[in-house]
1. List T254, T194 from most exposed to least, where exposure is judged by having the fewest other Cβ atoms within 10 Å.
2. Using a simple charge model, +1 on the beta-carbon of Lys and Arg, -1 on the beta-carbon of Asp and Glu, nothing else, what dipole does segment 1-80 show about its Cα centre, in debye to the nearest 20?
3. Check the straight Cα-Cα distances from K161 and name the lysines below 21 Å, setting aside those fewer than 8 residues away within the same chain.
4. Could you work out how far apart the two model spin labels at V209 and Q177 are, taking each label as a point 7 Å from the Cα in the direction of the beta carbon, and quote it in nm?
5. Once the mean 1/r over all distinct Cα pairs of segment 1-64 is inverted, what Kirkwood radius in angstroms do you read off?
6. Can you tell me the order of 12-24, 144-156, 63-75 when each peptide is scored by its average per-residue count of other Cβ atoms within 10 angstrom, highest first?
7. Which of the lysines could a cross-linker span from K83 if the Cα-Cα distance has to be under 19 Å and same-chain partners fewer than 8 positions apart are dropped?
8. Do you know the relative contact order of the chain, to the nearest whole percent, from alpha carbon pairs under 8 angstrom that are 6+ apart?
Amino acid sequence: MTDWKGRVCVITGAGSGIGAGLARYALQQGMHVIGADVDTAGLQRVTDSAPEGQGSLSTYELDVANADAVANFADWVYAEHGKVNLLFNNAGVLVDGKCWERPLRDWRWIIDVNVMGVIHGLHHFVPRMLQQGEPARVINTASIGGLLGGGTFMSQYQTTKHAVVVLTESLYRELAQEPGEITASVLCPAEVATEIWHSERLRPADERVTLGTAEQEFHDAVANNVAAGPSPDEFAALVFKGIEAGQFWLIPDTAFMPLLEQRTDEIAQQRNPDVVTNIDFDR
């Protein structure tokens, strides 16, 4: 088992869900944890629930969609700690509904957070991680939705998560050509009991969208399924187990694999997508 004590762990989207679970688990391993999120109330809850006497926790208000803010965050982290051993580009939001009906501002919001937020993290942290002289790993959070075919009403979310998967595959190959011990993993959760299906809570009231009846019924059904999933703390233990095993693909729940095989076969055989197939996704 890896000795994480004294190492530095940066987590975006640490105010709730998977990010909060990762923060608590890393603290239990004795790591110096820096949790960042736009949700300051969530960060306070993580602080209040942090295990005592294990590791250290700092929090930082951060909108990952803001490149300058991420640059300042990276400056602060390196000024305080001088290194980053684990970087979780985990912040993410969910937008669903018919792709042509969702306002363009919603498309921009989810792309700016889910895709550009990861890119901002890579741009401002990886150069320093390559120079720090210690082993490091970048973990980008995608979803099983980033592996499977497009689900009904899920185009916005899956578009961003497919981008994160491909970006991380390229990152892994590019880092392998660099000197030093830095590598990457992509995290693809299925259902985990998070608040991702309630992402609208993070937006001003006048920017929230009322879904159509069919979309809302789908949204509510999946949100209820997700709420019954494993806890973020249980999930975090599985994530660290995969990291310690050196895995690129961090996929703790593999029950969806037959659907992935079906999609791959559809592509190989050039069959049209199954119009009745829909999948539950979470981050």
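Here, each number is a calculation from the coordinates, and none is a lab measurement. Bear in mind that the values here come from a model prediction, so they are computed numbers and not experimental data. Reconstructed Cβ throughout: ideal geometry from the backbone, glycine too, with neighbour counts over all protein chains shown.
1. Working: T254 12, T194 26.
Ascending number of Cβ neighbours within 10 Å: T254, T194.
2. On the way: 4 positive and 10 negative charges, 73 e Å.
Computed charge dipole of segment 1-80: roughly 340 debye.
3. Straight-line reach from K161, under 21 Å: K98.
4. 3.8
5. Details: mean 1/r = 0.0893 Å⁻¹.
Hydrodynamic radius (Kirkwood, Cα pairs) of segment 1-64 is 11.2 Å.
6. Working: 12-24: 27.7, 144-156: 21.2, 63-75: 18.2.
Highest mean packing first, the order is 12-24, 144-156, 63-75.
7. K5
8. Working: 523 pairs, mean separation 56.1, N = 283.
For the chain, the relative contact order is 20 percent.
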